[in-house]
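Below: one structure, written as structure tokens.
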């Protein structure tokens, strides 16, 4: 099991390395990567989510989906509470970045490709619920945490973002078992197939411009990465196991919550004038170290699932 997961993670990281090479060779630039990011967020990831919901409705699947929503909700609540107890700093600009990085995982860019490769459509089906809850928290609590001001909270961004729209669309298709003609499903499949290469190349591009050595020297940065990649996912896995969560749902949930720090950590740190250099170190280092942590945690989840 470990070799299978490690192989898949290495395949994905080869694409990350390709992104680094393209950045070093000046083939990609900031404008190109920004456009690629918009393409992934606006079309590719929504296509993957909608595609995973194209299935016949049945009550047991609906029950499992609702449970996965609950798991994702409680996971975020638990991570918020744990982050407040474990990560403190005299400088508020550093403390908020540290806490944000351990609460929010890269559940879209990193998790969906793994869920798709290891678990198929069912993995993405349950992973979509985590993304929905992620978006709910990141555009509410995440903004308040980073900005320190509730006035920055935008209900419009909370509701009208591509992932949430895609999940609502997918749920509508699922609930009413709407048949999707080939003329629509085929383009959807082609768009969804871009979900693994494009996000990984984007991550690689950002890794190329980060100073990993600075992060390694920062003990609080390393501690936060250990929490994000090992401690918090293990706590979530233990709680789910005790609550008798098993099968694909357990593995998919672990993949979602064991991913490295969300790329939004840096975007929000820059926007709200927090410690941007620390955020870059957290995102880049956690992404690199996840090549070790994710196979271990996913294999453990598979073993007990």
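The values are calculated or read from the model by the stated rules, or taken from the named source; none is laboratory data. Source: prediction; values computed, not measured. With ideal geometry, Cβ positions are generated from the backbone for all residues, glycine too; neighbour counts draw on all protein chains shown.
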Of the conditions (1) surrounded by fewer than 17 Cβ atoms within 10 Å (Cβ to Cβ); (2) touching a helix residue (DSSP H, G or I) at 6+ places or on another chain (Cβ under 9 Å), residue 160 clears all except one; give me its number.
(2)
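Collect the residues in the range 11-45 that are within 16 Å of residue 111 (Cβ to Cβ) and at pLDDT below 85, keeping them in residue-number order. Don't jump to the end; show me each part of the working.
Applying the first criterion (within 16 Å of residue 111 (Cβ to Cβ)) to the range 11-45 yields 11-13, 15-16, 40-41, 44-45.
Those that are within 16 Å of residue 111 (Cβ to Cβ) and at pLDDT below 85: 11, 12, 13, 16, 40, 41, 45.
Of 37, 45, 75, which residue is surrounded by 15 or more Cβ atoms within 10 Å (Cβ to Cβ) and over 26 Å from residue 249 (Cα atoms)?
Working: 45 fails: over 26 Å from residue 249 (Cα atoms); 75 fails: over 26 Å from residue 249 (Cα atoms).
Result of the check over 37, 45, 75: 37.
Inside the range 1-77, counting only helices (runs of 4 or more DSSP H) that do not spill past its ends, which hold 1 or more residues that are touching a helix residue (DSSP H, G or I) at 6+ places or on another chain (Cβ under 8 Å) and farther than 30 Å from residue 207 by Cα? Outline the logic, then answer.
On the way: elements: 2-24, 30-39, 45-53.
Hits in the range 1-77: 45-53.
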For residue 101, are the conditions met, namely being in contact (Cβ under 8 Å) with a residue 12 or more places away in the chain, within 26 Å of residue 294 (Cα to Cα) and under 21 Å from the mean Cα position of the chain (by Cα)?
yes
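Name the residue that is nearest to residue 47 (Cα to Cα), counting only residues in the range 192-205 that are in contact (Cβ under 8 Å) with a residue 24 or more places away in the chain and either out of contact with any helix residue (DSSP H, G or I) (no Cβ under 7 Å at 6 or more places or on another chain) or surrounded by fewer than 18 Cβ atoms within 10 Å (Cβ to Cβ) (or both). Full working, then the answer.
Keep residues of the range 192-205 that are in contact (Cβ under 8 Å) with a residue 24 or more places away in the chain, which gives 192, 194-205.
From the residues that got through so far, the ones that are either out of contact with any helix residue (DSSP H, G or I) (no Cβ under 7 Å at 6 or more places or on another chain) or surrounded by fewer than 18 Cβ atoms within 10 Å (Cβ to Cβ) (or both) too are 194, 197.
Details: 194: 10, 197: 15 Å.
Restricting to residues being in contact (Cβ under 8 Å) with a residue 24 or more places away in the chain and either out of contact with any helix residue (DSSP H, G or I) (no Cβ under 7 Å at 6 or more places or on another chain) or surrounded by fewer than 18 Cβ atoms within 10 Å (Cβ to Cβ) (or both), the top hit is 194.
Looking at 288, 283 in this structure, which one is assigned to a helix (DSSP H, G or I), touching a strand residue (DSSP E or B) at 6+ places or on another chain (Cβ under 8 Å) and closer than 25 Å to residue 97 by Cβ? Can you show your working first?
Values: 288 fails: touching a strand residue (DSSP E or B) at 6+ places or on another chain (Cβ under 8 Å).
So the residue among 288, 283 that is assigned to a helix (DSSP H, G or I), touching a strand residue (DSSP E or B) at 6+ places or on another chain (Cβ under 8 Å) and closer than 25 Å to residue 97 by Cβ is 283.
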From 127, 123, 142, grab the single residue that is more than 27 Å from residue 11 (Cβ to Cβ), under 17 Å from the mean Cα position of the chain (by Cα), at pLDDT 85 or above and surrounded by 16 or more Cβ atoms within 10 Å (Cβ to Cβ).
142
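Looking for whichever is on the phi < 0 side of the Ramachandran plot and not in a helix (DSSP H, G or I) here; the options are 228, 274. Which one fits?
Values: 228 fails: not in a helix (DSSP H, G or I).
Result of the check over 228, 274: 274.
Yes or no: residue 148 surrounded by 14 or more Cβ atoms within 10 Å (Cβ to Cβ) and either within 25 Å of residue 76 (Cβ to Cβ) or without any contact (Cβ under 8 Å) to a residue 60 or more places away in the chain (or both)?
no
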Which numbered condition residue 186 misses (of (1) over 18 Å from residue 115 (Cβ atoms); (2) crowded, with 16+ Cβ neighbours inside 10 Å; (3) over 19 Å from the mean Cα position of the chain (by Cα); (4) at pLDDT 85 or above)
(2)
Based on what the data block shows, is residue 248 in a helix (DSSP H, G or I), touching a residue at least 60 places away in the same chain (Cβ under 8 Å), more than 28 Å from residue 146 (Cβ to Cβ) and within 18 Å of the chain's Cα centre (by Cα)?
yes
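Does residue 262 satisfy the condition of being in contact with a helix residue (DSSP H, G or I) (Cβ under 9 Å, 6 or more places away or on another chain) and touching a residue at least 60 places away in the same chain (Cβ under 8 Å)?
On the way: in contact with a helix residue (DSSP H, G or I) (Cβ under 9 Å, 6 or more places away or on another chain): yes; touching a residue at least 60 places away in the same chain (Cβ under 8 Å): yes.
Yes: the conditions hold for residue 262.
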Among the residues of the range 169-191, what is the count of those that are assigned to a helix (DSSP H, G or I) and either in contact with a strand residue (DSSP E or B) (Cβ under 9 Å, 6 or more places away or on another chain) or in contact (Cβ under 8 Å) with a residue 24 or more places away in the chain (or both)?
10
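Any idea which of 256, 284 is crowded, with 22+ Cβ neighbours inside 10 Å, more than 19 Å from residue 79 (Cβ to Cβ) and within 15 Å of the chain's Cα centre (by Cα)?
On the way: 256 fails: more than 19 Å from residue 79 (Cβ to Cβ).
Exactly one residue qualifies, and that residue is 284.
Which of the residues that make up the range 104-120 are assigned to a loop (DSSP other than H, G, I, E, B) and either within 16 Å of the chain's Cα centre (by Cα) or more than 20 Å from residue 191 (Cα to Cα) (or both)?
Within the range 104-120, the first condition is being assigned to a loop (DSSP other than H, G, I, E, B), and the residues that meet it are 104, 106, 120.
104, 106, listed by residue number.
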